[in-house]
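The values are calculated or read from the model by the stated rules, or taken from the named source; none is laboratory data. Computed from a predicted model, the values in this text were never measured in an experiment. Because the Cβ atoms are built from the backbone with ideal geometry, glycine has one as well, and the counts that use them run over all protein chains shown. Heavy atoms of the whole protein, side chains included, go into the accessibility calculation; ligands, DNA and RNA do not. Shrake-Rupley method; radii C 1.70, N 1.55, O 1.52, S 1.80 Å.
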Amino acid sequence: QAQLVESGGGLAQAGASLRISCETSLPSFKTKAMGWFRQAPGKEREFTAAISWAGTYYADSVKGRFTISRNNAKNTVYLQMNYLEPGDTAVYFCVASSLSYTGPNEANYDYWGQGMQVTVSS
């Protein structure tokens with residue numbers, strides 16, 4: 001079973017930056033779209049960002065503050081989160097799509113990490 005292993009989460013203050021990472025053992029990594037979803041307490045899980053060969057895509061709530069990138073040589077995807085807000089507090093999930101899909105439909109992502117807590121204090 002391919003694994004997605006998230007790291008870099010934790011506690012940050014509002015206005016600060018944090019970079020989270022996801023390393024994977026998926027074969028043909030560079031052909032797959034990678035992304036992040038998040039789930040805040042008491043809320044539904046939501047699309048955050050994704051990256052494929054075609055480009056990068058962001059939820060409106062993080063556009064301009066978050067940047068997704070990848071290092072194909074390291075089989076790793078990153079999410080640089082700047083100007084963090086308390087509303088960014090959530091469990092962040094790394095995802096991968098064999099279809100190179102980069103939209104918000106969860107069903108099109110066939111691999112999921114276990115999730116990692118990011119907490120932003122005010």
>> Can you tell me how many residues within the range 1-33 are open to solvent by 20 Å² or more (accessible area, probe 1.4 Å), over 20 Å from Glu85 (Cα atoms) and of a type in the set (A, V, I, L, M, F, W, C)?
In response: 2
>> Cβ contacts < 9 Å: first residue under 24 Å from Ser25 (Cα atoms), restricted to the range 54-74; second residue β-branched (Val, Ile, Thr) and part of a loop (DSSP other than H, G, I, E, B), any location; separation 6+ or different chain. Result?
In response: Ala54/Thr102; Gly55/Thr102; Thr56/Thr102; Tyr57/Thr102
>> Take the residues in the range 44-53 that are in contact (Cβ under 8 Å) with a residue 40 or more places away in the chain and not in a strand (DSSP E or B); name whichever of them is nearest to Ser7 (Cα to Cα).
In response: Arg45
> Considering only residues of the range 85-122 that are hydrophobic (A, V, I, L, M, F, W, C), open to solvent by 20 Å² or more (accessible area, probe 1.4 Å) and free of Cβ contacts under 8 Å to residues at least 60 places away in the same chain, which is farthest from Ala14 (Cα to Cα)?
Replying inline: Ala107
>> Quick check on my filter: what residues within the range 34-82 are touching a helix residue (DSSP H, G or I) at 6+ places or on another chain (Cβ under 6 Å) and either open to solvent by less than 30 Å² (accessible area, probe 1.4 Å) or at negative phi (or both)?
In response: Asn72
